[in-house]
1. Of the conditions (1) modelled with pLDDT under 95; (2) in contact with a helix residue (DSSP H, G or I) (Cβ under 8 Å, 6 or more places away or on another chain), residue 66 fails just one. Which one is it?
2. For the stretch 63-71, indicate whether the set of residues that are more than 10 Å from ligand 2 (Cβ to nearest atom) and in contact with a strand residue (DSSP E or B) (Cβ under 8 Å, 6 or more places away or on another chain) is non-empty.
3. If you take the residues of the stretch 67-88 that are exposed (fewer than 13 other Cβ atoms within 10 Å of the Cβ) and away from ligand 1 (no atom under 14 Å from the Cβ), which of them is nearest to residue 50 (Cα to Cα)?
4. Residue 35 versus (1) surrounded by 10 or more Cβ atoms within 10 Å (Cβ to Cβ); (2) modelled with pLDDT under 95; (3) within 18 Å of residue 96 (Cβ to Cβ): which is the lone unmet condition?
5. Taking residue 108 as meeting all but one of (1) modelled with pLDDT of 95 or more; (2) in contact with a helix residue (DSSP H, G or I) (Cβ under 9 Å, 6 or more places away or on another chain), write down the number of the exception.
6. Quick one: which helices (runs of 4 or more DSSP H) lie wholly within the stretch 32-105 and hold at least 3 residues that are within 16 Å of the chain's Cα centre (by Cα)?
7. Taking residue 82 as meeting all but one of (1) under 19 Å from residue 98 (Cα atoms); (2) more than 9 Å from ligand 3 (Cβ to nearest atom), write down the number of the exception.
Ligand code: HEC
Ligand code: HEC
Ligand code: HEC
């Protein structure tokens, strides 16, 4: 009996902790500085397209922070040739994430 009580207590605590993490209000959009200009990430649209499933990205690709990104590898898990979304390797797509004026004379990272 005591074991069940402990189990339920632990389970509730984990549940609350998880709930708190997911209750953090997701922002509409996040701006990431880069050498290639500011990249605007439409967080809310991305959530809708994942049908509200936070685990597509959290925490396996990113923590729930708004720190500048160290690289765009996480983005490339979907934005790749034959991926879920337009490829970040295709030159005609650079402007979709990077401001047009900053794209002209650049190299693929
Ligand atoms: C398509 C990927 C993706 C999905 C799905 C996603 N997020 Fe995020 N989220 C991000 C990225 C990218 C960041 C920024 C990470 C960084 O800067 O290191 C972020 C940051 C956040 C932040 C921090 C915002 C801030 O201003 O500090 C919160 C809170 C967050 N997400 C909540 C959620 C919740 C809740 C869900 C599900 C309803 C969710 N996210 C789904 C990609 C996603
Ligand atoms: C899906 C969105 C996306 C697409 C498409 C994309 N990028 Fe990026 N790029 C990012 C993000 C986010 C960063 C910021 C993280 C970083 O600096 O690596 C970035 C950073 C960069 C940087 C700076 C890297 C560094 O080390 O400072 C360069 C240069 C760059 N991108 C060039 C390109 C070029 C060229 C293309 C087209 C072939 C492209 N990007 C397409 C999202 C994208
Ligand atoms: C879980 C998969 C996934 C991840 C991870 C992801 N994207 Fe996307 N993204 C999509 C899909 C799906 C679309 C819409 C389909 C398309 O246009 O090809 C999209 C569209 C976009 C668009 C067009 C505007 C919009 O939101 O409709 C931008 C800009 C963009 N993504 C930037 C990023 C950046 C920057 C990152 C990394 C911080 C990122 N994405 C990570 C799936 C993803």
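The values are calculated or read from the model by the stated rules, or taken from the named source; none is laboratory data. Not measured: the values here are computed from a predicted model. Cβ coordinates were reconstructed from backbone atoms using ideal geometry, including for glycine residues, and neighbour counts include every protein chain displayed.
1. Result: residue 66 passes all but (2).
2. yes
3. That would be 82.
4. Every listed condition holds for residue 35 apart from (1).
5. The single condition residue 108 does not satisfy is (1).
6. Where helices (runs of 4 or more DSSP H) fall fully within the stretch 32-105 and carry at least 3 residues being within 16 Å of the chain's Cα centre (by Cα), they are 43-49, 73-76.
7. (1)
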